[in-house]
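K.L.:
Input: one structure, supplied below.
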Amino acid sequence: MQKGMYTHRERCVRAVQSKDARFDGWFFTAVLTTRIYCRPSCPVVPPKPENMTFYPSAAACQQAGFRACKRCRPDTSPGSPEWNQRADAVARAMRLIADGVVDREGVPGLAARLGYSTRQIERQLRAELGAGPLALARAQRAQTARLLIETTALPMAEIAFAAGFSSIRTFNDTVREVFALSPSGLRTRAPRRPTEPGALPGTPGSPGSPGTPGALSLRLPFRAPLNPDNLFGHLAATAVPGVEEWRDGAYRRTLRLPYGHGIATLTPKPDHIACRLTLGDLRDLPVAISRCRRMLDLDADPVAIDDQLRTDPFLAPLVDKAPGRRVPRTVDEGEFALRAVLGQQVSTAAARTHAGRLAAVHGEPVDDPEGGLTHLFPAPEALAALDPESLAMPRTRRTTLLTLAGQLADGTLHLGVESDWEETRARLLALPGFGPWTADVIAMRALGDPDAFLPTDLGIRRAARELGLPSTPAALTARAAAWRPWRAYAVQYLWATDSHPINFLPV
């Protein structure tokens with residue numbers, strides 16, 4: 001797998017002919033004779049090579065006049081791993097588009113967040129993806145519309161505006177153009193339940209269960225393999241009471257979203273993640289999906305990652321034992337940074353207690369008829385206004401927490417999907433009470449840097465000693481150079497040698 005793979009024609013043809021699902025989302029196959037575009041793993045008989053052409057995005061296919069295949073539903077492929085493993089302007093722009101910035105702030109807002117002109121962003125996206133930001137956002141709106149059409153009984157007018165379309169006419173035209181069906185035709189063809197024979201991973205499931213207004217159920221696809229143990233184990237073991245919980249085999253948490261709040265219920269399945277979203281405003285659907293996928297690291301390319309880590313004979317047995325580990329991330333970068341400070345030099349249980357107390361007193365209340373979620377995690381503005389003496393923690397940590405909250409609240413420091421990893425790490429290290437461990441764990445789990453490394457972490461050093469690796473930070477960092485650019489994933493394999501609850505799927 002590599003940047004711009006769609007330009008490697010022979011590799012793309014081989015992937016399509018072998019129906020290799022590992023390449024879904026890396027490129028799209030457009031068939032010149034039928035004017036349809038597909039994912040590489042489409043179950044139909046592959047077209048002749050001379051009738052294939054390849055594009056880097058669904059939006060580029062749509063701009064070239066191709067319609068989405070009704071069999072393989074290419075718009076529901078896992079996202080390209082490139083956007084979460086790169087830190088350049090194009091990758092940061094794609095993360096922002098997935099987070100709905102173009103729909104809320106327009107292309108000028110996207111460019112301003114990245115520090116570029118609109119012309120520069122347009123040029124870079126078109127050069128690499130064959131489509132500009134408006135076309136990419138339009139493709140995302142079309143996918144959201146399909147989800148709402150197929151998983152709810154909402155009137156089409158409500159779906160149009162919830163999906164981000166400016167008018168019903170634009171909604172109708174886009175659906176017909178992208179899917180070659182009217183909105184009502186899409187609803188007629190929709191699978192009636194997620195277990196329907198022939199349903200593909202990534203297809204929508206059934207509407208929310210009775211008694212849960214506003215609930216949507218859908219499948220979140222991923223590239224196999226996926227080991228859920230450390231992923232859900234970490235989220236459950238560190239869950240903040242009232243904000244997160246593990247219930248009935250699912251991780252649940254509250255979400256702070258652009259138009260309101262929501263609750264996500266995520267259940268690991270063999271071939272997908274079952275996702276139930278309860279939203280106060282349906283316009284938040286694409287953002288909620290994007291943030292859940294990001295938290296679970298579902299767009300990773302586990303085969304490429306594990307192949308690289310296996311080249312180290314000390315890591316190879318760990319990878320072979322339980323391949324497909326993901327990095328547990330977050331739905332809110334600022335929240336994670338604040339929680340990382342609360343967790344400095346204390347146990348996991350103590351960090352949960354501190355965070356739970358803050359949430360109960362200063363978090364915004366939410367209603368959860370299905371479980372025990374009670375609050376959103378406190379916003380930075382709420383924490384920045386606190387009296388330091390009201391915090392039951394050492395004075396130095398109070399200073400660190402309130403300084404961070406203040407800078408997040410007034411915009412001096414911004415943590416988001418568009419953050420430049422190295423620049424933000426440097427800014428964090430300049431804050432009082434921030435050392436390498438805190439900055440790097442935020443880079444790994446909040447900012448999404450796949451190469452973030454924690455050589456000073458006690459668990460990592462203990463694992464290194466047991467495996468026969470160097471255990472001093474400097475020597476371990478030098479050895480870990482061979483694991484780049486996937487050192488954050490090596491951290492997950494090293495942590496997994498311990499018996500800590502973060503490494504085990506809760507029962």
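The values are calculated or read from the model by the stated rules, or taken from the named source; none is laboratory data. Since the structure is predicted, the reported quantities are computational estimates derived from the model, not experimental observations. Glycine also receives a Cβ, built like all others from the backbone with ideal geometry; neighbour counts cover every protein chain displayed.
K.L.:
Sort out which residues of segment 386-401 are free of Cβ contacts under 8 Å to residues at least 24 places away in the same chain and surrounded by fewer than 17 Cβ atoms within 10 Å (Cβ to Cβ), and write them in order of number.
P.N.:
Step one: filter segment 386-401 for residues free of Cβ contacts under 8 Å to residues at least 24 places away in the same chain, giving 387-391, 394-395, 398.
Within segment 386-401, Asp387, Pro388, Glu389, Ser390, Pro394, Arg395 qualify.
K.L.:
Considering every residue within segment 40-52, establish whether at least one is touching a Ser or Thr at 6+ places or on another chain (Cβ under 8 Å) and closer than 22 Å to Arg138 by Cβ. Please lay out each step first, then the result.
P.N.:
Going through segment 40-52, the residues touching a Ser or Thr at 6+ places or on another chain (Cβ under 8 Å) turn out to be 40, 42, 47, 51-52.
Then keep just the ones that are closer than 22 Å to Arg138 by Cβ; that gives none.
Within segment 40-52, none of the residues are touching a Ser or Thr at 6+ places or on another chain (Cβ under 8 Å) and closer than 22 Å to Arg138 by Cβ.
K.L.:
So which of Phe377, Phe314 ends up being aromatic (Phe, Trp, Tyr), at pLDDT 95 or above, closer than 24 Å to Glu418 by Cα and not in a helix (DSSP H, G or I)? Quick ask: steps written out before the conclusion?
P.N.:
Values: Phe314 fails: closer than 24 Å to Glu418 by Cα.
The conditions single out Phe377.
Per-residue answers, yes or no, for (1) among the acidic types (Asp, Glu); (2) free of Cβ contacts under 8 Å to residues at least 40 places away in the same chain; (3) out of contact with any helix residue (DSSP H, G or I) (no Cβ under 6 Å at 6 or more places or on another chain); (4) farther than 30 Å from Asp24 by Cβ:
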{"residue": "Ala304", "(1), (2), (3), (4)": "no, no, yes, no"}
{"residue": "Lys321", "(1), (2), (3), (4)": "no, yes, yes, no"}
{"residue": "Ala337", "(1), (2), (3), (4)": "no, no, no, yes"}
{"residue": "Val346", "(1), (2), (3), (4)": "no, yes, yes, yes"}
{"residue": "Arg352", "(1), (2), (3), (4)": "no, no, yes, yes"}
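K.L.:
Quick one: is Ala446 modelled with pLDDT of 95 or more and surrounded by fewer than 16 Cβ atoms within 10 Å (Cβ to Cβ)?
P.N.:
Spelling it out, it is not the case that Ala446 is modelled with pLDDT of 95 or more and surrounded by fewer than 16 Cβ atoms within 10 Å (Cβ to Cβ).
K.L.:
So which residues in segment 17-40 are crowded, with 22+ Cβ neighbours inside 10 Å and either assigned to a helix (DSSP H, G or I) or outside the structural domain of Met52 (by TED's automatic domain parsing) (or both), if there are any at all?
P.N.:
Phe23 - this is the single residue of segment 17-40 that is crowded, with 22+ Cβ neighbours inside 10 Å and either assigned to a helix (DSSP H, G or I) or outside the structural domain of Met52 (by TED's automatic domain parsing) (or both).
K.L.:
Turning to a different aspect of this structure: Go through segment 256-298 and give me each residue that's of a type in the set (Ser, Thr, Tyr) and over 25 Å from Met156 (Cα atoms). Even if it seems obvious, please write down each step before you answer.
P.N.:
So in segment 256-298, the residues of a type in the set (Ser, Thr, Tyr) come out as 259, 265, 267, 278, 290.
Within segment 256-298, Thr265, Thr267 meet the criteria.
K.L.:
From the list Ala264, Ala239, Ala304, Ala288, which one is assigned to a loop (DSSP other than H, G, I, E, B) and either among the small types (Gly, Ala, Ser) or within 20 Å of Ala162 (Cβ to Cβ) (or both)?
P.N.:
One residue alone meets the criteria, Ala239.
K.L.:
Surrounded by 23 or more Cβ atoms within 10 Å (Cβ to Cβ), assigned by TED's automatic domain parsing to the domain that holds Glu335 and part of a loop (DSSP other than H, G, I, E, B): which single residue out of Leu404, Leu415 fits that description?
P.N.:
That would be Leu415, the only listed residue that is surrounded by 23 or more Cβ atoms within 10 Å (Cβ to Cβ), assigned by TED's automatic domain parsing to the domain that holds Glu335 and part of a loop (DSSP other than H, G, I, E, B).
K.L.:
Within segment 360-372, is there a residue that is surrounded by 21 or more Cβ atoms within 10 Å (Cβ to Cβ), farther than 23 Å from Asp449 by Cα and in contact (Cβ under 8 Å) with a residue 24 or more places away in the chain? If you could, list the steps in order and put the result at the bottom.
P.N.:
Step one: filter segment 360-372 for residues surrounded by 21 or more Cβ atoms within 10 Å (Cβ to Cβ), giving 363.
The next check asks that each one be farther than 23 Å from Asp449 by Cα; those that pass are 363.
Narrowing the set further to residues that are in contact (Cβ under 8 Å) with a residue 24 or more places away in the chain leaves 363.
There is at least one residue in segment 360-372 that is surrounded by 21 or more Cβ atoms within 10 Å (Cβ to Cβ), farther than 23 Å from Asp449 by Cα and in contact (Cβ under 8 Å) with a residue 24 or more places away in the chain.
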